[in-house]
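A.B. asks: Dropping a structure here in structure tokens format, bear with me for questions.
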Amino acid sequence: MLRRTFIALTATAALTTSAFADGHSKDIVDTAVEAGTFTTLVAAVQAAGLVDTLKGDGPFTVFAPTDEAFAALPAGTVEGLLEDPEALAAILTYHVVAGKVMSTDLSNNMMATTVNGADVTIMTEGGVMVDGANVVAADIEASNGVIHVIDAVILPAS
């Protein structure tokens with residue numbers, strides 16, 4: 001099972017790498033824009049006023065939900081969040097950890113404090129998960145950090 005998961009992650013990473021071909025010379029925001037699979041995330045970052053922060057020196061680790069992850073939220077959720085920049089910023093900063101955390105730095109049942117102050121739980125048995133979201137592509141380097149692509153939007157406890 002672990003081998004199949006590793007092979008699937010490696011294949012996904014290989015397919016995603018071409019979308020991020022010049023990612024290391026671009027910051028996190030520009031890398032996400034160039035990928036083309038994070039249009040909702042980029043729009044949310046803009047609406048929450050976090051563009052300058054994520055273009056800053058960092059380093060940052062971003063657990064980036066895909067457009068499909070946002071689409072899986074209940075109807076009206078994204079629209080409601082776009083109208084509430086404070087709530088949106090709280091959710092988005094829950095997807096960011098200060099520092100550059102590569103996949104090789106992860107361990108099972110690891111806790112990582114997010115920029116919003118709450119902790120996320122990282123599991124590595126049977127595939128890498130962050131608060132229940134699967135990491136589908138890892139270690140996409142940017143000039144100011146790293147992006148790990150996840151298949152769900154993670155939400156802090158209320």
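Please treat every number below as a calculation from the coordinates, not as lab data. This one's a predicted model, so the numbers in the text were calculated from it and none came from an experiment. Counting neighbours? That spans all protein chains shown, and the Cβs are built from the backbone with ideal geometry, glycine included.
A.B. asks: In nm, give the distance between the simple-model label positions of Asp151 and Asp52, each being 7 Å from the Cα along the Cα-to-Cβ direction.
C.D. replies: Between Asp151 and Asp52, the label points sit 3.8 nm apart.
A.B. asks: If I take R0 = 35 Å and measure r between the Cβ atoms of Glu34 and Asp84 in this structure, what FRET efficiency does the formula 1/(1 + (r/R0)^6) give, to the nearest 0.05?
C.D. replies: Numbers: r = 28 Å, r/R0 = 0.80.
Efficiency at R0 = 35 Å is approximately 0.80.
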